[in-house]
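These notes are about the structure you will find just below.
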Amino acid sequence: MARPAEVAFSFDGATLRAPVGESLAAALIAAGLRRLGEGPGSPRAAFCMMGTCQQCLVRVDGRLAQACLVPVRAGMAVTPA
Amino acid sequence: MSAPFDLAVLGAGPAGMAAATEAARRGARVVLLEESPAPGGQVYRAAPPGFLVPPDPDRRAGDALRAALATSGTTLLLGHRVWGLGGGPLVPQGAPPLPFRVDALPPDGAPLTLEARALILCAGTHERIIPFPGWTLPGVIGLAAATILLKAQGVLPGRRVVVAGAGPLLYAVAAKLLKAGAEVAAIADLATQGEWARALPTLTARPDLLARGLAWRAALATKGVPVLAAHRVVAAEGADAVERVRLQALSGGTSESFDCDALCVGHGLVPATEATRVFRAAHRYARESGGWVPVLDADRRTSVPLLYVAGDGGGVRGAAAAPAAGRLAALAALRDLGLLDGRAHARARRRPALEHWRAAQGGAAMARMMALRPALVDAIAPETVVCRCEGVTRAEIEAALDDGATEMNQLKQFTRCGMGPCQGRVCGEAAAELVARRVGGRERAGFATGRLPLRPVPMEAVLGDFDYADIPVPAPAPL
């Protein structure tokens, strides 16, 4: 699969690179970051990839967002929700 | 708010794209709202801009629908999350129905409210995953999730993967994993060989799909992937993420352990009925169609005037049947709005009606394979979390039932099960089965009343410029 150029963004302070436009959840999985936060009693990780389960909730530039519905943009600052 | 549209279509999967295209081509003012950044839905999902994916039959079918939509004159609102619905029958008692109201949140900017005289819901399905110990570990994802990762993004869920559950997605995911360079440690299929053999005759109507399925099986056999029929996941195990999965025959016996770094699991598809529930449309429980479905006539009319459902949200029949259902719904809406006369409607509906009937045969056979399997619910351990948003275990659900909860709304009130951000979409099936076992069936267990917001939305987006100081406070009564 041909992909667009990679851009840099940050997750919890660490710099990551991913093709622009890839879903943020996919980019985090590709980077080996699967544990995105702590839920009540169990860790949270991307699960449905289609905006249903809300398990991949993160903050993108300060705003709550589902990582599976957010395309990667250059310079976006992602933090755990 | 601008003048009402003739028709609003919610969801730009195959049903929604076809519905909007049909109505707009016939001159109706149509708006199509979609949560994703591109039209396509799950099966016909488009890769993001700049991702060049080798063409496959799904991509070609999706591209044809997208091309027709693009030239149809439909107002297409992408990245719009619909969170509110109103109007229609939701008026004070005795008042005449209003146009439907749709509240949506665009990707950036101010919330949007629009009106439409008729509404077609094409919400599709979500995946059913019946809980098992370890299902919440990172590395465990849905089968549909895996197809999205692999098809649209070209990202592997893991290097060595166990694939488990029911239905054709199992083999689609396993074959795509192999092709993308991952190792498939094992496939655990809930169905027996006999169930597949019985489903085959209905699939001969779609030789293309049948051939694709057989090619997947052949690819797996070539690589020597163990395919375990009538097996389920007993547990996913690992410290911080899944490290191995234990599989066991449905008939019992010893479990077999497979090392892996990802588990893709799915137990079928459940129609998304939150919008028809909000409008208090009539529903019926149809296990072999995926669960609760709105009651529909042959032209996809619900029990609510000018409200229609097309695609798998009205009962699982597959992507191949969805466009014809969308066209039927659009034609019925135009007829009911007086934009198409009876004769023209009768003529225009003939072809989609026949297409839908044909495609629905194979779709129904696959839906039966993916229907809920009670054995999985029986096997849920007391300490296993059922509702992961709120951390509610099976034991807590059983305790609420002991305390007198008799249906889904009471279970929600007693335990908060289904009250978290996913709004019961993930836990609903397992929880409803647990209630049904006590009260004598899913009809009695019912479903959670449809409520707004349909999806979580930030308060700031909904409030906009609203300020508490804007609330008019009447002067206090004189003493």
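The values are calculated or read from the model by the stated rules, or taken from the named source; none is laboratory data. Every value quoted in this text rests on a predicted model; they were computed, and no experiment measured them. Glycine also receives a Cβ, built like all others from the backbone with ideal geometry; neighbour counts cover every protein chain displayed.
crowded, with 16+ Cβ neighbours inside 10 Å, part of a helix (DSSP H, G or I) and in the same structural domain as residue B:92 (by TED's automatic domain parsing): does that describe residue B:277? Judged against the criteria, residue B:277 is a match.
Within segment A:6-20, the set of residues being crowded, with 17+ Cβ neighbours inside 10 Å, without any contact (Cβ under 8 Å) to a residue 60 or more places away in the chain and in a strand (DSSP E or B) comprises A:16, A:18, A:19. Would you say residue B:144 is within 14 Å of chain A (Cβ to nearest Cβ), closer than 18 Å to residue B:376 by Cβ and not in a helix (DSSP H, G or I)? It is false that residue B:144 is within 14 Å of chain A (Cβ to nearest Cβ), closer than 18 Å to residue B:376 by Cβ and not in a helix (DSSP H, G or I). Scanning segment B:321-337 for residues that are among the aliphatic types (A, V, I, L, M) and part of a helix (DSSP H, G or I) yields B:322, B:324, B:325, B:328, B:329, B:330, B:331, B:332, B:333, B:334.
Residues satisfying the criterion are present in segment B:411-433 (criterion: buried (at least 21 other Cβ atoms within 10 Å of the Cβ), more than 14 Å from chain A (Cβ to nearest Cβ) and over 17 Å from residue B:129 (Cα atoms)). Each residue in segment B:364-409 was checked for being hydrophobic (A, V, I, L, M, F, W, C) and not in a helix (DSSP H, G or I), and 12 of them qualify.
Within segment A:49-63, the presence of a residue that is touching a residue at least 60 places away in the same chain (Cβ under 8 Å), out of contact with any Gly (no Cβ under 8 Å at 6 or more places or on another chain) and under 22 Å from residue B:50 (Cβ atoms) is excluded.
Determine whether segment B:313-320 contains at least one residue that is in a helix (DSSP H, G or I), in contact (Cβ under 8 Å) with a residue 24 or more places away in the chain and either within 30 Å of residue B:267 (Cα to Cα) or under 20 Å from the mean Cα position of the chain (by Cα) (or both). Yes, some residue in segment B:313-320 is in a helix (DSSP H, G or I), in contact (Cβ under 8 Å) with a residue 24 or more places away in the chain and either within 30 Å of residue B:267 (Cα to Cα) or under 20 Å from the mean Cα position of the chain (by Cα) (or both). Among residues of segment B:67-121 being part of a loop (DSSP other than H, G, I, E, B), free of Cβ contacts under 8 Å to residues at least 24 places away in the same chain and of a type in the set (A, V, I, L, M), the one that is surrounded by the fewest Cβ atoms within 10 Å (Cβ to Cβ) is B:95. Filter segment B:332-348 down to the residues that are in contact with a Leu (Cβ under 7 Å, 6 or more places away or on another chain) and buried (at least 20 other Cβ atoms within 10 Å of the Cβ), then identify the one that is nearest to the other protein chains (Cβ to nearest Cβ). Taking the candidates together, the pick is B:333. May I ask you to verify whether residue B:325 is aliphatic (A, V, I, L, M) and surrounded by 19 or more Cβ atoms within 10 Å (Cβ to Cβ)? So residue B:325 fits the description; yes.
Restricted to strands (runs of 3 or more DSSP E) entirely inside segment A:21-81, those with at least 1 residues that are farther than 26 Å from residue B:424 by Cα, at pLDDT 90 or above and more than 9 Å from every other protein chain (Cβ to nearest Cβ) are A:77-80.
Of all positions in segment B:338-356, none carries a residue that is under 30 Å from residue A:39 (Cβ atoms) and part of a helix (DSSP H, G or I). Counted as qualifying within segment B:163-268 are the strands (runs of 3 or more DSSP E) with 2 or more residues that are hydrophobic (A, V, I, L, M, F, W, C) and surrounded by 23 or more Cβ atoms within 10 Å (Cβ to Cβ), namely B:183-189, B:231-237, B:262-266. Kindly establish whether residue B:19 is away from chain A (no Cβ under 14 Å) and in a loop (DSSP other than H, G, I, E, B). It is false that residue B:19 is away from chain A (no Cβ under 14 Å) and in a loop (DSSP other than H, G, I, E, B). How many residues are of a type outside the set (A, V, I, L, M) and more than 15 Å from residue A:25 (Cβ to Cβ) when one looks only at segment A:44-78? Residues that pass the stated criteria total 4. Could we say that residue B:400 is touching a residue at least 12 places away in the same chain (Cβ under 8 Å) and of a type in the set (Gly, Ala, Ser) here? Answer is yes for this residue. If you go through segment B:110-138 and keep only what is of a type in the set (Gly, Ala, Ser), over 16 Å from residue B:20 (Cα atoms) and within 13 Å of chain A (Cβ to nearest Cβ), you end up with just B:134.
Among residues of segment B:42-59 that are more than 7 Å from chain A (Cβ to nearest Cβ), those with a beta-carbon under 6 Å from a residue that is aromatic (Phe, Trp, Tyr) at least six positions away or on a different chain give the pairs B:58/B:44.
Are any residues in segment B:147-157 more than 9 Å from chain A (Cβ to nearest Cβ) and not aliphatic (A, V, I, L, M), and if so, which ones? Listed by number, the list holds a single entry, B:151.
Every test in (1) at pLDDT 95 or above; (2) in the same structural domain as residue B:322 (by TED's automatic domain parsing); (3) surrounded by fewer than 22 Cβ atoms within 10 Å (Cβ to Cβ); (4) in contact with a helix residue (DSSP H, G or I) (Cβ under 9 Å, 6 or more places away or on another chain) is passed by residue B:358 save one, and that test is (1). Within segment B:452-478, if we keep just the residues that are among the β-branched types (Val, Ile, Thr) and within 22 Å of residue A:69 (Cβ to Cβ), the residue that is modelled with the highest pLDDT turns out to be B:457. If the condition is being of a type in the set (A, V, I, L, M, F, W, C) and under 26 Å from residue B:375 (Cβ atoms), then segment B:213-244 contributes B:216, B:220, B:225, B:227, B:228, B:229, B:230, B:233, B:234, B:235, B:236, B:242.
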